[in-house]
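J.: First, the structure itself, so that you have it in front of you.
The values are calculated or read from the model by the stated rules, or taken from the named source; none is laboratory data. Not measured: the values here are computed from a predicted model. Backbone-built Cβ (ideal geometry, glycine too); neighbour counts: all protein chains shown. The accessibility values were calculated without ligands, DNA or RNA, using every heavy atom of the protein model including side chains. Shrake-Rupley method; radii C 1.70, N 1.55, O 1.52, S 1.80 Å.
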Amino acid sequence: MTIDRRAFLAAAGAAATQGISARARAAGPAPAGAESRFLEVDGLRLHFVTLGAGPAVVLLHGWPQTWFAWAATMERLARRFTVIAPDLRGVGLSDRPPSGYDKRRIAEDIAALIDRAAGGRAYVVGHDMGGKAAFMLALLHPEKVARLVLVDCLVPGTENMDARRGGAWHYGFHMAREFPELLTKGRERDYIAAQIRAWSFREDAVSAAAIDEFARHYATPGGMTAGFEYYRALPEDARSVAALADRRLDMPVLAIVGRHGVGERLAEALRPKARALSTIIVEESGHFVADEAPEVFWRELERFLGA
């Protein structure tokens, strides 16, 4: 079977913004006082949720999540900061274009968001795929990133995608064309839940309600395809980082990871790039540090951002 990916995603994007039910269009259970907003970036309608007052903090989610991954963190940080959590392109209520899922393009989306919603400069926190985009943003537009926090992610080009040599099997599966969509169709929530449990040290840390919230967006037409496109762009991401090899991160950088997540690998990749690097390894956490060890995560985040 052959699928015209561009036609499929274009149609899916239209369905995602025009034809889905009122419930699926809702921004989700936002924290009290939060506002759901949209802005247009080069023809892309980008959804974000904002809460609080003070210096701007932009929170970038990963796969298979949406802005809602940060709901509890937003409530905590809103005591001191203006917190902005977007749905990355293709995800949640943001438009679902047929292309542009490489992290350089995502970084440009976030640069525009910072210009128009955060006064041109912000603290930037990124997890998983959002962390890769945050890293790229800091290389391309350092003037927009006051401090950078990378949460249990890997620098593009440092991933081990070879399952035969100890790499994670899901890279190859997600990067394959058409087959992951076929095999997860109708079982999107099951697959998302299984992946979240597999990557967590505390398997119950991400609640069933949160998984429901993520899955209802990824289960809309083209939702899983858009998510898999983040993986399919990884070779291009590696080439982009290689092309910027002479650039360094001059802003303060915090790497906060789970011992049972990426462990030491993030700091090892950042040491040659970051001039002022701090590293926190949370011992009893896997990939989802903000959910698995929230008090530790919030304390270290507030300490770093308030320094």
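J.: Using 0.36 nm times the number of residues separating residue 187 and residue 158, minus their current alpha carbon distance, what extension gain do you get?
T.: Stretched out fully, the residue 187 to residue 158 stretch lengthens by 7.4 nm.
J.: Now for a different question. What's the FRET efficiency of residue 143 with residue 259 using the Cβ-Cβ distance as r and R₀ = 25 Å, to the nearest 0.05?
T.: E between residue 143 and residue 259, to the nearest 0.05, is 0.15.
J.: For the chain, report the accessible area per residue in Å² (1.4 Å probe, heavy atoms, rounded to an integer).
T.: Per-residue value: 40 Å².
J.: Additional query: With labels modelled as points extended 7 Å from the Cα through the Cβ direction, what inter-label distance (nm, one decimal) is found for residue 303 paired with residue 212?
T.: A separation of 3.6 nm, rounded to one decimal place.
J.: Using the per-residue mean of other Cβ atoms lying within 10 Å as a proxy for protection, in what order, highest first, do the peptides 264-272, 36-44, 92-100 fall?
T.: Highest-to-lowest ranking by the protection proxy: 92-100, 264-272, 36-44.
J.: What are the trypsin sites (Lys or Arg not before Pro) within segment 176-248 that DSSP puts in a loop, where the Cβ has at most 11 other Cβ atoms within 10 Å?
T.: Sparse-neighbourhood loop trypsin sites (Lys or Arg not before Pro): 185.
J.: List the chymotrypsin sites (Phe, Trp or Tyr not before Pro) in segment 146-188 that DSSP assigns to loop (not H, G, I, E or B) and whose Cβ has at most 15 other Cβ atoms within 10 Å. Which are they?
T.: Loop-located and lightly packed - 169.
J.: Can you give the calculated 222 nm mean residue ellipticity of the chain, where each DSSP H run of n ≥ 4 adds -39,500 (n - 2.57) and the sum is split over every residue, rounded to the nearest 500 deg cm²/dmol?
T.: Calculated from helices alone, the mean residue ellipticity at 222 nm is -11500 deg cm²/dmol.
J.: Using modelled backbone amide H atoms (1.01 Å from N, in-plane), which distant-in-sequence or interchain residues come within less than 5 Å of residue 157's amide H?
T.: It is 238, by chain and number.
J.: Shifting gears a bit: Taking R0 as 25 Å, what's the FRET efficiency between residue 275 and residue 170 from their Cβ-Cβ distance, rounded to 0.05?
T.: Efficiency at R0 = 25 Å is approximately 0.15.
J.: Taking only Cα atoms and a 10 Å spring cutoff, compute GNM fluctuations for the chain and point out the largest among 130, 261, 172.
T.: Ranking 130, 261, 172 by mean-square fluctuation puts 172 first.
J.: If each of residue 203 and residue 284 carries a label point 7 Å out from its Cα toward its Cβ, how far apart are those two points in nm?
T.: A separation of 1.7 nm, rounded to one decimal place.
J.: Kindly list the residues of segment 196-236 that lie in the label zone of residue 72, defined by a backbone N under 18 Å from the point 7 Å along the Cα-to-C-beta vector.
T.: 196-215
J.: Now a separate question. To the nearest 0.05, how large is the calculated FRET efficiency for residue 178 and residue 53 if R₀ is 45 Å and r is the Cβ-Cβ distance?
T.: Result of the calculation: an efficiency of 0.45.
J.: Next question. For the chain, what is the charge dipole size about the Cα centre, in debye to the nearest 20, if Lys and Arg each add +1 at the Cβ and Asp and Glu each add -1 at the Cβ?
T.: It comes to approximately 420 debye.
J.: May I ask you to list the residues of segment 142-158 whose amide nitrogen lies under 15 Å from a point 7 Å from Cα along the Cα→beta-carbon direction of residue 245?
T.: Hits in segment 142-158 for residue 245 at 15 Å: 156-158.
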